């Protein structure tokens, strides 16, 4: 194990998170390296200084403010939008490709097209209804 890897393990060693074998390696490394001992001593001082700090829970309005600041919802909504758009586009491409195959009888093409269009209309109507009801959702502001 390299010295860089052992340096990264010092914090885990200080917190008692290493296996017995890895802890033994770090102890031997600390005995051999003055720099490692100095770094470990600094970590101990930092741990001692921060362990006496106490943080109370933030008020509920502060949590809401932090959530808006972090903007968790924007990437999530964008991801869902891209996923839905991709699925709809891929479905339409498959339908068009299937309908342009020369060896498939016209009746089968018509049935497959009807199923595809029907599913697309159903999905679109449910998504539209949900979109229109979203501002009036009485459970929208309820915390989980």
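Of note:
- Per residue, the chain reaches -25500 deg cm²/dmol at 222 nm when only DSSP H runs of four or more residues are counted, each adding -39500 (n - 2.57).
- Sorting the segments 24-36, 45-57 by their residues' average number of neighbouring beta-carbon atoms within 10 angstrom, most packed first, yields 24-36, 45-57.
- For the peptides 11-18, 95-102, 134-141, the ranking by mean Cβ contacts within 10 Å, running from highest to lowest, is 11-18, 95-102, 134-141.
- In degrees, nearest ten, helix 34-51 long axis to first principal axis of the chain (Cα): 70 degrees
- Per-residue extension of 0.36 nm, minus the Cα-Cα distance of residue 99 and residue 80, leaves a gain of 4.0 nm for this segment.
- FRET efficiency estimate (nearest 0.05) - Cβ-Cβ, residue 51 to residue 28, R0 25 angstrom: 0.40
- Potential lengthening between residue 125 and residue 43 on full extension [0.36 nm per residue; Cα-Cα distance subtracted]: 23.6 nm
Quick note: the coordinates plus some simple rules give every number you see, no bench work behind them. Quick caveat, the model's predicted, so the values are computed rather than measured. Note: ideal-geometry Cβ built from the backbone for every residue, glycine included; neighbour counts use all protein chains shown.
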